[in-house]
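A quick write-up on the structure given underneath.
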Amino acid sequence: MADLTGEDRLTESTSDETVAGGSTGAAARTPSRLSVEPGGRTEYGPGVVAELPAFVEQLGRTRVFVVTDRGLRATGIVGRVEKILARAGIEYAVHEDVGPNPSTAELDRGAACLRAFGDAAVLALGGGSALDAAKGISLLAGNPMAGAADADRLWDAADGLPLIAVPTTAGTGAETNGFGVTEDVRACRKVYIGHPSVRPRIAVLDPELTLGLPAPVTAASGLDALVHGIESLASRGSSPISAAYATQAIGLVGRWLPVAFRDGGDLEARSQLMLGAHLAGHALTLSGLGLVHGIGHALTAHTGTPHGVALAAVLAEVMEFSAEAAEEAYETTAWALRVPPGSAIAAVREISGVLGIKRPLRELGVNRDRIAVIAADAVGDAVTKNAPRLPREAEVVSLLESVY
């Protein structure tokens with residue numbers, strides 16, 4: 001299993017990044033355009049997706065293999081991207097066989113299709129699942145003797161094909177790093193798959209693609225970004241650089257997520273939320289995560305619960321469990337959220353309440369007799385080893401029972 005407590009196995013080195021605005025208040029405006037190169041390159045601004053043909057050319061490719069999820073075409077976004085590529089005379093294929101929690105089998109099928117299509121830039125289009133799947137598909141296409149179930153040994157494999165990431169939600173930050181999460185259905189566990197070569201060369205952040213995103217999706221993806229910031233600050237792998245990313249991310253997401261949730265057509269809110277999620281992705285790539293994600297991965301693997309909803313079920317409780325060990329991180333969280341010292345957990349509960357996202361485990365399909373198994377899987381998850389307070393299985397069982 002990969003070590004998720006730092007960047008050594010998960011991503012190539014990342015240089016310092018300066019973001020326009022510098023502080024939460026100064027950044028709170030709809031940008032016209034921002035171009036950043038923190039190792040990978042970030043192109044950010046409304047309408048920037050129209051420049052995809054130039055980005056493909058800059059990667060030295062003339063063909064594009066689009067990886068997206070099964071439901072995105074209905075939004076019109078896939079068709080929009082197809083028109084942009086077609087007008088530029090770029091040959092492309094669209095692979096839409098990606099589910100909400102992509103499986104190792106789906107990655108293997110996608111890799112076979114990409115190998116059949118031939119040399120191309122891989123365009124990852126969609127939410128975190130599509131972006132994670134695209135990384136795995138790209139890597140497997142470059143390693144035809146391997147399968148997704150061999151993820152543990154792929155960290156030292158041959159290079160995958162170059163990626164361009166176009167997120168259509170604001171949450172996972174998957175466009176910032178070269179690893180992803182897939183599900184081994186037979187083993188009922190999450191598997192980390194990645195390689196430095198499949199870190200997206202260019203991340204295309206166009207907030208227009210998130211306009212009108214349904215409120216529940218906005219809530220789940222946005223809460224994921226908030227957790228990324230909070231866990232990154234508190235993690236054992238936290239550093240001054242990751243903390244800078246995380247603090248800015250918490251401030252942006254905490255301020256703008258409720259606004260975007262209430263009004264899905266607010267471009268300023270969508271823009272700032274997307275930027276916050278992106279910065280949170282950089283933070284977690286450097287620092288790693290913790291127990292909230294360890295439990296979230298186990299809940300999703302056992303019940304199929306959407307990732308952000310699984311995190312919301314235990315976020316405040318894990319923060320309470322970790323409070324003494326993460327005191328400084330939670331004071332920084334409170335400062336970023338503009339609430340009084342000592343009230344970070346209360347503020348997080350309030351945000352979850354506004355979003356209406358927190359649900360008891362029994363409503364998420366958890367049978368009480370499975371709690372011990374879920375707890376064991378959570379403790380065994382690689383991210384949990386990065387938590388500020390390392391839990392015993394019995395402690396996680398007690399935590400899960402408290403939210404049942």
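Counting only complete DSSP H runs, which helices of the chain cover 24 Å or more along their long axis at the Cα atoms and score a mean Kyte-Doolittle of -0.5 or above?
Both cut-offs are met by 215-234, 240-262, 267-287.
Defining a contact as two alpha carbons under 8 Å apart and six or more residues distant in sequence, what relative contact order in percent does the chain show?
16
How much length is gained on full extension from residue 349 to residue 112, taking 0.36 nm per residue of separation minus their Cα-Cα distance?
80.9 nm is the gain from fully extending residue 349 to residue 112.
Net charge within 10 Å of residue 63 by Cβ-Cβ distance, Lys/Arg positive one each and Asp/Glu negative one each, not counting residue 63 itself?
-1
Cα centroid distance between segment 357-394 and segment 323-353, in Å?
Using only Cα atoms to place each centre, the spacing works out to 22 Å.
Can you give the extra length, in nm with one decimal, that the chain gains between residue 211 and residue 263 once fully stretched, where that is 0.36 nm per residue apart less the Cα-Cα distance?
Once the chain is fully extended between residue 211 and residue 263, it gains 17.8 nm.
From largest accessible area down, sort 184, 377, 369; use a 1.4 Å probe on the protein chains.
Descending order: 369, 377, 184.
Taking the Cβ of residue 172 as the center, what net charge do the other residues with Cβ under 10 Å away carry, scoring Lys and Arg +1 and Asp and Glu -1?
-3
Helix-only estimate, please: 222 nm mean residue ellipticity of the chain, summing -39500 (n - 2.57) across DSSP H runs of length 4 or more and dividing by its residues, to the nearest 500.
My calculation for the chain gives -14500 deg cm²/dmol from helical runs alone.
Keeping every protein chain in place, order 199, 63 by accessible area at 1.4 Å, biggest value first, i.e. largest first.
Heavy-atom accessible area, descending, gives 63, 199.
When only Cα pairs under 8 Å and 6 or more residues apart are kept, what is the percent relative contact order across segment 58-124?
54
Report the residues of segment 141-173 in range of a label on residue 119: point 7 Å along Cα→C-beta, backbone N strictly under 17 Å from it.
Correct set: 141-144, 159-163.
With the dipole of the chain worked out from charges on the C-beta (+1 for Lys and Arg, -1 for Asp and Glu) around the Cα centre, which of 293, 76, 197 lies farthest toward the positive end?
Of 293, 76, 197, it is 76.
Counting only other residues whose beta carbon sits under 15 Å from that of residue 328, what net charge do I get with K and R as +1, D and E as -1? List each step's numbers first, then the result.
Details: positive: 236, 389; negative: 231, 324, 327, 331.
Here the count lands on -2.
Where the only charges are on Cβ atoms (+1 Lys, Arg; -1 Asp, Glu), what is the dipole of the chain about its Cα centre, to the nearest 20 debye?
700
Which residue fluctuates the most in the chain, going by a Gaussian network model with Cα springs under 10 Å, if the choices are 378, 157, 111?
Its mean-square fluctuation being the largest, the pick is 157.
Please calculate the 1.4 Å probe accessible area of residue 320, with all protein chains present, and give it to the nearest 10 Å².
About 100 Å², ignoring ligands and nucleic acids.
With +1 on each Lys and Arg Cβ and -1 on each Asp and Glu Cβ, and nothing else charged, work out how big the dipole of segment 252-404 is about its Cα centre, in Debye to the nearest 20. Kindly include the intermediate steps, with their values, before the conclusion.
Numbers: 13 positive and 17 negative charges, 62 e Å.
Using Cβ point charges on Lys, Arg, Asp and Glu, segment 252-404 gives about 300 debye.
Could you work out which residue, out of 209, 59, 114, moves most in a Gaussian network model of the chain, that is, has the largest mean-square fluctuation with Cα springs under 10 Å?
59
If the elastic network links every pair of Cα atoms under 10 Å, which of 126, 229, 89 fluctuates the most in the Gaussian network model of the chain?
In this elastic network of the chain, the residue with the biggest mean-square fluctuation among 126, 229, 89 is 89.
Using 7 Å Cα-to-Cβ label points, what is the residue 339/residue 189 separation (nm, one decimal)?
Once both label points are built, they end up 3.6 nm from each other.
The values are calculated or read from the model by the stated rules, or taken from the named source; none is laboratory data. Being a predicted model, the structure only gives us computed values, none of them experimental. Note that each Cβ is placed from the backbone with ideal geometry, even for glycine, and that neighbours are counted across all protein chains shown. All accessible areas refer to the heavy atoms of the entire protein, side chains included, with ligands and DNA or RNA removed. Shrake-Rupley method; radii C 1.70, N 1.55, O 1.52, S 1.80 Å.
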